[in-house]
Every structure is written in C-alpha cells, then in structure tokens.
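Q: My questions all concern the structure below.
Bear in mind that the values in this text are calculations on the coordinates, not laboratory data. Treat the numbers as computed from the prediction; the structure is a model and nothing was measured. No Cβ is skipped: glycine too gets one built from the backbone with ideal geometry, and neighbour counts run over all protein chains shown.
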Amino acid sequence: MAELRATQMLVPNMHLLTVFAPEVACGMRPGQFVIVRAEEEGEPIPLSVADWDEEQGTLSIVFMNVGGTTNALAGLPAGNTLPSVVGPLGKPTEIDRFGTVLGVAGCFGLGSIFPIARALHQAGNRVIVVLEARSSFLLFWEERLRSVADALHIITRDGSKGLRGHVGRLTEIIAASQPVHRILVNGCTFLLKRVADVSKPFAIKTMVSLNPIMIDGTGMCGVCRVTVGDST
Ligand SMILES: Cc1cc2nc3c(=O)[nH]c(=O)nc-3n(C[C@H](O)[C@H](O)[C@H](O)COP(=O)(O)OP(=O)(O)OC[C@H]3O[C@@H](n4cnc5c(N)ncnc54)[C@H](O)[C@@H]3O)c2cc1C
Ligand code: FES
C-alpha cells in the first residue's frame with residue numbers, strides 16, 4: 001500500500017502523482033521505473049519515475065491518460081492509497097562524464113528525462129535539453145529542466161514556442177551543438193524512432209528509453225521483449 005501524497009494535472013491529459021513509498025524511493029536511480037496498480041483487482045502497469053526524495057520517502061510519476069489503468073490513476077485524489085508500487089525496476093541510465101549530452105523529450109518523457117538530465121549535469125556534462133510538443137500548452141517542467149541544463153531548446157509543431165515543426169528540426173540543433181557525444185531520448189515510441197533516424201547520419205550514440213507492453217516486469221513472461229536489429 002502506498003499513500004498518494006499529491007496529484008496534479010500538469011497539462012491536459014498529463015498527470016503528476018507523488019506517492020509515499022520510502023522502501024522504493026530509497027535506492028532509485030535515473031532511468032528506472034515502478035509497476036503500480038490503481039485498484040486492488042486492477043492491472044499492474046509500468047511508469048517511469050520522474051523524481052524522488054529519499055528523506056521524505058516519496059517518488060513522483062508523470063503519466064498520460066491513455067486507457068483503463070491510467071484513467072483510474074488520474075481519477076484518484078490525494079489521500080487515497082495505491083494497492084502496490086513495486087520498484088525500483090529496470091536498468092538505470094548509464095551516468096558518466098561523456099562531454100556533451102543531448103536529452104530529447106516529448107510527451108510524458110518531459111518528466112522522466114528530468115532525473116537523467118540532473119544526474120548527467122551533476123556528473124559534469126554539458127547538458128542540452130530539447131523539448132518537443134504539438135503546441136506550447138502541452139509543455140511542462142520547462143523551468144525545472146532548464147535548472148539542470150546548459151541550454152534548452154523547444155520544438156512545437158504549431159510554432160507557438162521555439163522552433164516550428166517536428167523533431168526533424170533536431171538536425172539543426174545537433175549541428176549547432178557539435179561535438180555531441182551522446183543522445184538520450186524519452187517519450188512515445190514514434191519520437192524515439194524519429195530521433196534515432198535524425199541522429200544516425202551524425203553517428204552519435206543514441207540511447208532510447210523503450211516502453212514495451214509489460215505484464216509482470218519480472219523477466220518471467222517475455223512479453224516485454226523487443227527486437228533491435230536482428231536480435232531480441
Ligand atoms: C518501462 C516503461 C516506462 C513507462 N513510463 C511511462 C511514463 O512515465 N508515463 C506514461 O504515461 N507512460 C509510461 N509508460 C507507458 C505506460 O505503461 C502505458 O501507457 C500504460 O501501461 C497504459 O495502461 P492503461 O491501462 O492506461 O492503457 P490500456 O487500456 O492498457 O491501453 C491504452 C492504449 O495504450 C496502448 N498501450 C498500452 N501499454 C502501452 C505501452 N507500454 N506502450 C505503448 N502503448 C501502450 C494500448 O495499445 C492502447 O492503445 C511506460 C511503459 C514502460 C514499459
Ligand atoms: S513483462 Fe518483462 S518478462 Fe514479463
């Protein structure tokens with residue numbers, strides 16, 4: 001059982017939950033996720049951790065309301081309890097002194113890239129954050145991300161903030177920021193693919209945070225297997 005300490009709709013359809021789960025918050029590392037259930041008989045779903053506080057014993061999750069469980073989570077008020085929060089899970093993001101790192105985020109990835117950008121910044125990297133959204137009203141945590149970045153760029157499809165267009169505009173940002181030693185991408189699968197395509201000609205190591213369907217998250221069922229190149 002984990003108490004919901006705070007809930008907030010950040011922008012339309014995007015929600016922030018702060019959960020009291022001290023045993024999970026302790027030992028959490030950037031890039032990891034938790035598996036939560038909204039109701040006792042409900043499905044467990046994986047969600048990345050966007051921040052945590054070991055002293056307070058809390059962790060924060062940013063999620064998009066897309067279906068059954070996320071809709072139930074979005075409807076829970078602070079003070080309610082989640083039947084389970086399991087974690088920390090997943091391979092943490094490699095944090096080292098790489099040089100210049102570009103962190104690209106869209107959708108709920110604006111939340112989950114935050115602890116990664118912070119850790120890379122603390123490790124002495126030059127961190128450039130790129131936020132992508134359909135329109136400026138869908139952006140959140142801009143100032144929070146700016147506080148852990150050496151530079152921050154915005155791309156909006158409608159041009160209401162920053163560069164107008166889609167993530168193809170990243171080509172200009174990469175060219176102007178050279179040398180870039182690593183690119184990290186968090187967000188929806190389409191964004192991950194587009195950024196990987198854009199970064200390929202530059203031959204920059206690009207790490208994407210994949211979000212496959214998961215059932216148990218324990219490594220037993222094999223549902224979360226993904227094919228990369230010729231191997232799974
Ligand atoms: C490691 C990991 C970290 C994740 N982190 C986040 C996060 O921080 N924030 C966030 O909003 N989401 C995140 N996701 C995706 C999230 O788990 C799904 O959106 C969620 O499981 C949907 O559950 P639901 O019951 O609300 O929707 P459902 O009713 O199960 O499905 C609604 C729609 O979403 C699709 N869908 C379901 N699961 C996924 C999935 N895993 N990936 C892509 N599409 C899916 C379904 O095909 C369907 O079209 C993460 C997924 C993984 C594997
Ligand atoms: S969800 Fe990964 S093995 Fe079952």
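Q: Over what distance in Å are the Cα centres of segment 86-101 and segment 6-83 separated?
A: What the calculation gives is 20 Å, centre to centre.
Q: Then there's this: How big is D for segment 144-232, in µm² s⁻¹ as a whole number, if Stokes-Einstein is applied with the Kirkwood radius of its Cα pairs at 4 °C and 1.567 mPa s? Don't jump to the answer; show the numbers that get you there.
A: Working: Rh = 15.2 Å.
Answer, rounded: 85 µm²/s.
Q: Next question. Helix-derived [θ] at 222 nm for the chain: sum -39500 (n - 2.57) over DSSP H runs of at least 4, divide by residue count, nearest 500? Write out the running numbers ahead of the final one.
A: Values: 7 runs with 48 residues, N = 232.
Per the formula, -5000 deg cm²/dmol.
Q: Decide, for segment 84-183, between rounded, prolate and oblate: order the square roots of the alpha carbon gyration tensor eigenvalues as a ≥ b ≥ c, take rounded if a/c falls under 1.5, and otherwise choose prolate if a/b is larger than b/c, else oblate. Mind dumping the intermediate values first?
A: Values: a/c = 2.03, a/b = 1.21, b/c = 1.68.
It comes out oblate by the Cα gyration axes.
Q: Would you mind getting me the FRET efficiency between Ala151 and Ala123? Use the beta-carbon distance for r and R0 = 22 Å, nearest 0.05.
A: Values: r = 17 Å, r/R0 = 0.77.
Here the calculated transfer efficiency is 0.80.
Q: By the gyration tensor of its Cα atoms, with a ≥ b ≥ c the square roots of the eigenvalues, what is the shape of segment 26-66: rounded for a/c under 1.5, prolate for a/b over b/c, or oblate? It would help to have the intermediate numbers written out before the result.
A: Working: a/c = 2.19, a/b = 1.68, b/c = 1.31.
It is prolate, given that a/c is not under 1.5 and a/b is the larger ratio.
Q: Apply the Debye scattering formula to the chain, with a single equal point scatterer on each alpha-carbon and no solvent, then give log10 I(q)/I(0) at q = 0.07, 0.10, 0.11, 0.16 Å⁻¹.
A: Here log10 of I(q) over I(0) equals -0.22, -0.45, -0.55, -1.16.
Q: Kindly list the residues of segment 78-120 that lie in the label zone of Ala176, defined by a backbone N under 13 Å from the point 7 Å along the Cα-to-C-beta vector.
A: none
Q: For Ile213 and Glu54, what is the calculated FRET efficiency with R₀ set at 22 Å and r taken between the beta-carbons, to the nearest 0.05?
A: Values: r = 31 Å, r/R0 = 1.39.
With a Förster radius of 22 Å, E is 0.10.
Q: Enumerate by residue number the GluC sites (Glu not before Pro) in segment 12-51 meeting two conditions: DSSP loop (anything except H, G, I, E, B), and at most 16 other Cβ atoms within 10 Å of the site's Cβ. Walk me through the numbers on the way to the answer.
A: Values: sites: Glu23, Glu39, Glu40, Glu41; in loops: Glu39, Glu40, Glu41.
Sparse-neighbourhood loop GluC sites (Glu not before Pro): Glu39, Glu40, Glu41.
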